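Reading through the structure tokens given below for one structure.
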Amino acid sequence: MAILKKTAAFFTAVTIAACVTGCADTSYVLKADNEEIKAGVYIDYIYNEMSTQINTLYQTGVTTDFLNQKIDGKNFTDYVSEVALNHTKEHVAINNKFDELKLTLDDERIKEINSTVSDAWEQSGDDFEEQGISRESFKEVYLNSAKRTAIFEYYYAEGGIEEVSSDDLVSYVNDNYLRYKVMSFAKNAQDEDADKENKDLRDKYFKMADGLNFEEFDTVIDAYKEYQEEKAAESAIDSTVDTDTTESSEAEDSAADAESSMTEDKLSSFEAEGEDESAEDVSADNTSSVVDDESAEDDSSEAEDPYPNESMTNYGALEEDDLETTYGKILTEINGLEVGKASTFEDDSYYYILIKGDVTERSAEYAADEENHSNILYQMKSDDYQKNLDDWVSKITFDVNDKAIDRYTVEKIYNIQNGEE
């Protein structure tokens, strides 16, 4: 799967544990060298992979009937259960390797995990327990995720036995990343006039971008922001006028009952006009909200950001199914552009203005950022890490509890999550 999917499956943890009923012992899903692994761990990985795949299907336009879809040529339920069982085996291998390397989690990380578990139980503990969710299993998955990260850093982070150099990180960014800016204008399938207005707006700002380079394109974005602010101010004034008119009309009603019916009709007219004006004031924000932005920052820090309007994204890491999403299609379009020359694009929801930047002008600075450094490192070495992990798994003897596998199905977990059981 793609990098983002691996990250979601490996580092996100929401645990559903199992309870025991009937004759067969289904409290564990497998034995690893005769050590029982709780069924709750397996169910958690079902939940995580199921959520990841449903999110991917949403992005490709599938919004219903998830369990009957195909993933990599396999039935959705078969694929998710296979991945979940494999992740459960990896869970064991991670614990073993962590102990073998004599690694430890620092006090701050342990405190953070304990706090997360406590908060979850304070807010939703009764719900978890009603479903048979074990607090112990909940915490165990969080700990395993932290151990996974610690082992990764042992090998590849600064000072690691296979440390990746800063130069290699920069080269990876240059070879795989896209640097770009995007403006988007919402389509309106219900209102032809409003749709044409936004398309005309896109074309207007595209003409402004003619001949401008990547840095100068900010002036077009700033002009559009100013336009949006002016429209918002006009809308606020119109709203105030409507409010004043309403209050005035109510006063007239109390003074002249004979005219109340006519006054109420006028009020309805004024209020309806105000609502129409608000509804027509629809245009898309300039685009960080439309396209995933690995470098975007909160508005509160925008003044300090030297690159407030641009994005840096690892296009090279996207796989075929990623490229079929709205996000992937936009990035594919950007990838084919000439650097520093604005272009137009559209999909079912938006009209766009796109411009591609020179990654090499920013890659060293980008890779030096602490958070970006960690993300790039994972993107570079995740495949190597996975090969090591597969090897560790292969050296463990597993005895799968088929009764537990048959009991805790993808269908059952899906129905529980959606309140259908």
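What net charge do the residues around residue 36 carry, taking every other residue with its C-beta under 11 Å from that of residue 36, with Lys and Arg at +1 and Asp and Glu at -1? Cβ neighbours under 11 Å give a net charge of -2. Bridgeable lysines around residue 187 (alpha carbons under 22 Å apart, same-chain partners fewer than 8 residues away excluded): 196, 199, 204, 207, 225, 231, 329. Reducing region 376-421 and region 79-124 to their Cα centroids gives an inter-centroid distance of 13 Å. Checking the a/c ratio against 1.5 first, then a/b against b/c, what shape does the Cα gyration tensor give for region 333-420? It comes out oblate by the Cα gyration axes. Protection proxy ranking for 151-163, 310-322, 177-189, 95-107, using the average of other Cβ atoms within 10 Å per residue and placing the highest first: 177-189, 310-322, 151-163, 95-107. Work out how much length residue 305 to residue 199 would gain on full extension: take 0.36 nm times their residue separation and subtract the Cα-Cα distance, in nm to one decimal. This chain segment gains 35.2 nm when fully extended. Placing a label point 7 Å from the Cα of residue 226 along the Cα-to-Cβ line, the residues of region 174-206 whose backbone N sits under 19 Å from it are 183-184, 201-206. Taking a ≥ b ≥ c as the square roots of the Cα gyration tensor eigenvalues, region 62-113 comes out oblate, since a/c reaches at least 1.5 and a/b does not exceed b/c.
Laboratory data are not the source of any read-out in this text; all were calculated from the coordinates shown. Keep in mind that what you see is a predicted model, and the values were worked out from it rather than measured. Neighbour counts are summed over all protein chains in view; Cβ atoms, including those assigned to glycine, are modelled from backbone coordinates with ideal geometry.
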